[in-house]
Amino acid sequence: MDDRQAMERAVELARRSRPHPNPRVGCVILDQSGRVIGEGFHVAAGEPHAERNALAAARGHGTAATAIITLEPCTHTGRTPPCVQALLEAGIRRVVVGSVDPDSRVGGAGLDALAESGIEVALIGPDITELDPGYAHHRKHGRPRIVLKLAATLDGQTATATGESQWITGEASRRRVHEMRAEADALVVGVGTVIADNPRLTVRLDGYEGPQPRSVVIVGRRGLPDGHLLADPLVYGPNANGGAIAMRGDRGVDLHGVAYDLGDRGYLDVMVEGGAKLAASWWNAGLVDEVVLFLAGRIAGGVGRPMFDGVFSQLDSARRVEIASVDPIGDDLMVRGMVA
């Protein structure tokens, strides 16, 4: 197996893991002939990193010569000892890395330490922003990567004039939303959505056994109503009433404070769901990094409720979004846009 093939396998292993707030990392150990003798990935924060798991799997199967790792190995001691030390102790002579770690505690120190110890080092990709965009964003900006999800008719109506919205999009789109939830650490809704729909905000996919995202509710002064279905939600409001975390802004809740508090709690990937008011609040705060629109093959004729609650008065105020993909999902369209 060559380096590229081994890195593809390491990426597959990394995608199995959800160790947040740590990065997703996969590792493949090769012997001198290029034969795979060990594999591993970082399962959860506080547990052994990918390199140590792969080295443990390789014991007794040959002489470890090359380590293929999706992310630069660490040199610092946290909840687990440094991985550079483990590689050196195992007698690894060559390390192939996908990406430099954007964490300020690493940031090239791992590669330097290996090179200084006489280890051959190569950097071949993929970049961490492709494999684990939430981790990369968090380490760069100090807050989670925030995805705004919206569902609407082709003419941009999210509900009827009376508020009916279940279901605008089809079953395939709803299943894709649950797949997106499975990739998120936290889901954000407004208290209006809790009152109107009483959602569970859980991943409901056949056979899914992974972690459930944390529910986050933005409330007003009245707090969260009793009898909701949410399990152990984080609640943010302008005042610390009803168990809410106080995040007072000029016009209600300080969403910047919410975003950075979620980052401090270790949430790296956050998806905002909910109504037009909440969508407009996060968008106008400049906190949205990606938009995912599910557009149904229906036209309401402009008599329903728009995706964003607000007045669009100047064309220059509309921020540009780079369209990353447009895909058919059943009878609907899924549009992904990256916000500059």
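Some points to look at:
- Residue pairs whose Cβ atoms lie under 8 Å apart, sitting 6 or more positions apart in sequence or on different chains, and linking a residue in region 203-214 that is charged (D, E, K, R) to a partner that is open to solvent by less than 70 Å² (accessible area, probe 1.4 Å), are R204/H178; R214/D185; R214/A186; R214/L187; R214/P233; R214/L234; R214/Y267.
- Against the numbered list (1) among the acidic types (D, E); (2) at pLDDT below 85; (3) closer than 24 Å to V43 by Cα, D226 comes up short only at (3).
- Only one of E72, E47 that is under 21 Å from the mean Cα position of the chain (by Cα), more than 20 Å from M7 (Cα to Cα) and of a type in the set (D, E): E47
- Subset of region 118-132 that is farther than 15 Å from A10 by Cβ and open to solvent by 60 Å² or more (accessible area, probe 1.4 Å) - its residue that is nearest to the chain's Cα centre (by Cα): T129
- Restricted to region 52-140, the set of helices (runs of 4 or more DSSP H) holding at least 3 residues that are without any contact (Cβ under 8 Å) to a residue 12 or more places away in the chain comprises 109-116.
- Matching option when the condition is on the phi > 0 side of the Ramachandran plot and either charged (D, E, K, R) or over 25 Å from the mean Cα position of the chain (by Cα) (or both), among D264, D232: D232
- Where a residue in region 25-48 is touching a residue at least 12 places away in the same chain (Cβ under 8 Å) and its partner, wherever it lies, is among the hydroxyl-bearing types (S, T, Y) and surrounded by fewer than 19 Cβ atoms within 10 Å (Cβ to Cβ), with Cβ under 9 Å and at least six apart: D31/T63; Q32/T63; I37/T63; G46/T80; E47/T80; P48/T80
- Taken together, V292, V303, V321, V311 contain a single residue that is open to solvent by 30 Å² or more (accessible area, probe 1.4 Å), aliphatic (A, V, I, L, M) and at pLDDT 85 or above, which is V321.
- Checking each residue in region 213-222 for being surrounded by 17 or more Cβ atoms within 10 Å (Cβ to Cβ) and assigned to a loop (DSSP other than H, G, I, E, B) picks out P213, V219.
The values are calculated or read from the model by the stated rules, or taken from the named source; none is laboratory data. Only a predicted model underlies this, so the values are computations on that prediction, with no experimental measurement involved. All Cβ positions, even for glycine, are placed from backbone atoms using ideal geometry, and neighbour counts span all protein chains on display. For accessibility, only protein heavy atoms count, side chains too; no ligands or nucleic acids. Shrake-Rupley method; radii C 1.70, N 1.55, O 1.52, S 1.80 Å.
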